[in-house]
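The next block holds one structure in the form of structure tokens; read it before the comments.
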Amino acid sequence: MATTIPEPPQLDLDRLPKPTHSGNSGWRNLVPTDGDLHVALEHSPPASSSAIYVVLFAITMMFAAFSSALIVRKGSSLDWQSFTLPSILYLNTLILLASSVTLEVSRRRVATFMGGLKSRVENPARWLYITLFLGLLFVAGQYAAWSQLRAQGLYLATNPSSSFFYVLTATHALHVLGGLGGLIYVIRKLSKSTLRRNALDATARYWHFMDVLWLYLLCLLWMKL
Amino acid sequence: MAKFFAVTIIVIAILSAIPILRHTWVAPEDISKHGHLIDEQMSETMAEAGISFLAAQFVLAFFIWKFSNPRPDAKLKNFPGGAKGLVIAALLVVGIEVMALGIFGVKAWANVYLTPPSADAMPIQVQAGQFAFYFRYPGPDGKFGPIHPELINEGSQNFYGLDPEHDVESRDDIVTAEMAIPVNKEIHLLMHSKDVGHSFFVRELRVQQDFVPGLDVSLHFTATKIGKYEIVCTQLCGLGHYNMKAYLSVLSQQDFDDWLKKEQAMQ
Amino acid sequence: MHDMSAHAVQHHVPPTSFIRKHVFSLDHKVIGKQYYALALVAAICGMALSWFMRIHLAWTNAAIPGLQLLSKNGAPGGVMTPEYYLQLMTMHGTIMVFFVLTTAPFAAFGNFFLPIQVGAEDMPFPHFNMMSFWVTFAGFVVLMASFFTADGPTLGGWTQYAPLNAVGSVGGPGQGTGVVLWMAAIALFCVGQLLGSLNFIPTTLDLRTKGMSLMRLPLSAWAWFITSCMGLTAFAVLMPACILAILDHVAGTSFFVASNLVMNDQLLPHSGGSTLLWQHLFWFFGHPEVYIAIVPGIGIVSHILITNMRKPMLSQRVLIYSMGALAVLSYMVYGHHMFVSGMNPFSSLAFSFPTLVITIPSTIVVLIWTFSLYGSKLRINSASLFALGFISMFVSGGVSGFFLAQPSIDILLHATYFVVGHFHLVMGVAAMFGIFAGTYFWAPKMFGRMMNETLGKIHFWLSFVGAYCIFMPFHYLGMAGNVRRYSAFVDDFLQPLIPVHRFITIAALITGAAQLIFLYNLIHSRFWGKPAPDNPWEATSLEWSTPTPPPFDNFGGKLPVVYHDPYQYGVQSSAGDYVMQASPEQVKTEHEEK
């Protein structure tokens, strides 16, 4: 993907973290203290932001396959029994949306912190932890939704509608757990000051995609189930 | 070695073409009303495919012969017209060829699949199950009795799960292990699968259709020649797939009526 | 596009431990070789299975000595049961399609050479790349494990149609655990390949070195890139299908199993599922899959032919667009596997037109290859022989596609040996020839040793003639009405065809034995072959700019800069009639990039 190198910002060189071997080197547009651009170039992050789109595309195809299976299965037989979606799903949706907001906040704060551009950013990981918490809350909420369904007697094999409900929500939840893994990775790297900008951006994109995907699934389930 | 390779390609191409030209292994004789369109389509395609095949292999062989192991002072050349000419040729020649085949082939397909059976076609039901075909004739009332899957019992030969005690229409249904049809009479075949996927293939009739569990598919055809033919299963259905077949007898109307009476007596 | 020379430098510390160097390696070259080894083992297994199958078909009641060791129940006294034939057939197809034809041309050669050909030090995500191999390997192990279950592997064919794939052991031997293992193995394989695409695509888009524009990529690199895009879509659809099938099998759902099915006089518990849904999902994957198997071969063969013709193709661009067209069209044609499946007959017509149209890019590719030979200075060696053989085989296999693309003709030819002949010629032979050509061409770079040319040529002759002897007659059998997937030919109708089957079997055994020559050559050369120079073929692309074999970071710490189009042959340079991509030498070139 095309990248341009805009003018490096006017930096207070004394304020910058010292570039150590595994230090803050890795930011684009960053001039190391000793001015050795070669060092910066050598430790540049992978210009592979296209990779996250590869991942998102594959996930899209997978859910496209599940969606078409749902539509075909619903139309192929008369045994489809609709049921009301557990209301906790809507709360979970808000939680997930909130987590996207907190992730954006944290992304900007971490970026600022890593760029050394603001005077002091306390606890740059705080909002990441909040996002992580909200993500876990979401997964717990999905589990609660499944429990509610089970209490109503709707299990995986009860009816094709419930089958698809469980399959779609469980697969989504699994991918959300993967996203949580990514967040933990980012938090750890940040604490060691070895976080690359690209890793943070990619994780954020993945997380927002989980959000969008969930909204799509909710619509699909609401319309079809 | 290159020249030897070129000759080998040509020999293989010619040897491959010989059985086709000599009709050594061909489809058995067509005994259906619609089949001639399929056979014509096949011949046309064979001609075009054959010419393309031979031309491509010959040109490849020729160029290998001519341009391998060149003299040290040989100069590189490009084929006149370059890629552009070839692309245009491919688009036009192949494009028109395949479109023609496609469009003309629609009729052959439509005859079998896109036309409804005529009103006086004789309905016959065929059920495929691991690993046999069973046929059902509706009997004098012209109606098929309902199938009760839970009543299916191979041991007691209730292949269709019929319940003649409670279902009036089932009482005169005739279930047979072989299929007989009168010649020159359109048949409306109702296909039903008892368990997994199977397929109904009669080469001479030029019909092949999969059974779809859960979906009742139908076919219609007319046989034009008296004889005995094989119905074979062509969709992998389990270990007995290779042996899953039934016989189709195409009989004169009189013989068919006699046969049906005999089968009825054996119910 | 930027060609910032500052780009992916992962932590390129050379590995020290044996495990890190040869087992859990992050180096794409080692991963490529691991994939190659996997494909080799899989090919040996798949080929052995084909021998057992062919012998059984020709001499059905004969005892195959030793087969009873593989399965006591499946081959008592060495005589194969009908179910065991189907089980071996299923495994043959599955192993060959997935673990040979997707693995070798794409994962093996692609992993080794794509980063080098674009001028990168490695793939962008070496950990995911390593995972991709080991997950694929795990898939292979899970698949092979099904041989050792109580009633053996699944017998439903590599296509695993529903509902046979979901009804459980009541469907037959191997339909219990065997199916679950199959589905799990394939799901693992899909994950492995998705992780591979995750590396291939960014490598091509983002890691190209300075001066390497997209149009300057060699055709093999384009082929791998296009294939990885196809894989992304195809494997991401097969995996959910397998998951749903496993659920039908173990969790009592009914995605694919319809109502009112009776087996062994028992009503099955499922209801309402759609049989055709599996076919749609499977073939949406399945058709692009066969193009995934052939497109890398198209790229590799083009690459090898150009080097051996000493001139570029008539148009590089047209070849790239044709490969792209094949990839795009491959998604629109999948219904041609389902013409008589019971799907709406209008859909059958709809699918037949793109299927016929896909002939056009295939023809263009063959025409460009053939007519580029005109006026060339063709060198004959093992690699170029297999590349030329590929063209012949691709034509033969492609031409039979003409017939199968038309639904009306498919009525006669569906599920007969005609189809088997068609796909074996394009996949089992042409794609294999691509693998062989790639091996002979790239072995010097991969292993640092030249392969024995004499043995290579003998291998070629036996394989070329042998393959035609095996697979041409399949077409005649199909036209005569020989149904496929039969474990024995017991019908009166088929008896006259048995002598043809015997001829085929003998040809298959001889051709199979010829592959042992290749195996010997490969192994012997690996250890005792003549040491290879850096550029034995006088080729131009970046892989020949590296030392042989390449160091762990490919270019010894100094990334190349690309000055030329990939195939500058037929020029006057200090090196001879070619100039390498990374050479700054300016030459008078007759061949502009079109």
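Just so you know, all these numbers are worked out from the coordinates, no wet-lab data involved. None of the values given here were measured: they were computed from a predicted structure. Virtual Cβ from ideal backbone geometry, glycine too; neighbours counted across all protein chains shown.
General observations
- A simple count of charges around C:Tyr84, restricted to other residues whose Cβ falls under 15 Å of its Cβ and scoring Lys, Arg +1 and Asp, Glu -1, yields +1.
- Distant alpha-carbon pairs in chain C (separation over 48 angstrom), percent: 11
- Fluctuation leader among B:Arg136, B:Arg206, B:Arg171 - chain B, Gaussian network, Cα springs under 10 angstrom: B:Arg171
- Each Lys and Arg adds +1 at its Cβ and each Asp and Glu adds -1 at its Cβ; summed about the Cα centre, the protein assembly as shown shows a dipole of about 3540 debye.
- Listed residues B:Thr222, B:Thr234, B:Thr24, most fluctuating in chain B (Gaussian network, C-alpha, under 10 Å): B:Thr24
- Proximal charge balance of B:Glu169 [Cβ under 9 Å; K/R count +1, D/E count -1]: -2
- Rounded to 5, percent antiparallel among DSSP beta bridges of region B:122-265: 70
- Angle between chain C longest axis and helix C:345-357 axis [Cα atoms, degrees, rounded to 10]: 30
- The C-alpha atoms of chain C define a longest principal axis, and helix C:432-447 lies at about 40 degrees to it.
- FRET efficiency, 1/(1 + (r/R0)^6) with R0 35 Å, evaluated for B:Ser218 and C:Phe148 via beta carbons: 0.20
- Test item: C:381-393 mean partner chain Cβ contacts at 10 Å: 3
- Gyration tensor (alpha-carbon) shape descriptor, region A:66-225, a/c threshold 1.5: prolate
- The label-point distance for A:Leu137 and A:Leu94, in a model that sets each label 7 Å from Cα toward Cβ, rounds to 1.0 nm.
- Rounded to 5, percent antiparallel among DSSP beta bridges of the protein assembly as shown: 75
- The protein assembly as shown shape via C-alpha gyration tensor axes, a/c threshold 1.5: oblate
- Between B:His188 and B:Met122, B:Ile124, the built amide H atoms are under 5 Å apart, and every one of these is 5 or more places off in sequence or on another chain.
- Coupling constants for region B:81-90 follow from the phi torsions by the Karplus curve (6.51 cos²θ - 1.76 cosθ + 1.60, θ = phi - 60°), and in residue order they are x, x, 5, 4, x, 5, 5, 5, 4, 4 Hz; glycine and proline get x.
- Cα gyration tensor shape for region B:122-265, rounded if a/c is under 1.5, else prolate or oblate: oblate
- Between B:Lys66 and C:Ala37, the C-beta separation translates, for a Förster distance of 41 Å, into a calculated FRET efficiency of about 0.55.
- Summary of packing: across the peptides A:152-158, C:304-310, the per-residue average of other C-beta atoms within 10 Å ranks them, highest first, as C:304-310, A:152-158.
- 5 angstrom amide H check on B:Asn158, placed H, neighbours 5+ away: B:Asn153
- Phi angles across region C:66-79 convert, under the Karplus curve 6.51 cos²θ - 1.76 cosθ + 1.60 with θ = phi - 60°, into 3J(HN,Hα) values of x, 5, 5, 6, 6, 8, 5, 7, x, 9, x, x, x, 8 Hz, Gly and Pro given as x.
- Distance between modelled label sites at B:Phe58 and A:Leu215, nm, 7 Å Cα→Cβ extension: 6.4
- Karplus-based coupling profile of region A:143-159, in residue order and whole Hz: 4, 4, 4, 5, 4, 4, 5, 4, 4, 7, x, 9, 10, 4, 9, 4, 7, with θ = phi - 60° in 6.51 cos²θ - 1.76 cosθ + 1.60 and x standing for Gly or Pro.
- For the protein assembly as shown, calculated [θ]222 nm from helices alone, where every DSSP H run of n ≥ 4 adds -39500 (n - 2.57): -18000 deg cm²/dmol
- As a proxy for reagent exposure, ranking B:Leu260, C:Leu143, C:Leu69 by other Cβ atoms within 10 Å from fewest up yields C:Leu69, B:Leu260, C:Leu143.
- Projected label distance in nm at B:Ala17 and B:Asp120, using a 7 Å step from Cα toward the beta-carbon: 5.0
- Proximal charge balance of B:Gln208 [Cβ under 15 Å; K/R count +1, D/E count -1]: -1
- Neighbouring partner chain Cβ atoms per residue of B:66-74, average, 10 Å criterion: 4
- As a proxy for reagent exposure, ranking C:His303, C:His249 by other Cβ atoms within 10 Å from fewest up yields C:His249, C:His303.
- Region B:1-35 versus region B:45-72: alpha-carbon centroid distance in Å: 17
- Ordered by the count of other Cβ atoms within 10 Å of each Cβ, fewest first, C:Asp577, B:Asp257, C:Asp553 give B:Asp257, C:Asp577, C:Asp553.
- FRET E, pair B:Ile88, B:Glu29, Förster distance 30 Å, beta-carbon r, rounded to 0.05: 0.10
- Shielding by partners, peptide C:164-173 (average Cβ within 10 angstrom, other chains): 4
- Beta bridges by DSSP in chain B, antiparallel share as percent, to the nearest 5: 70
- Under 5 Å between amide hydrogens, built in the peptide plane, is the criterion, and for C:Val79 it picks out C:Ile64 among residues at least 5 positions away or on other chains.
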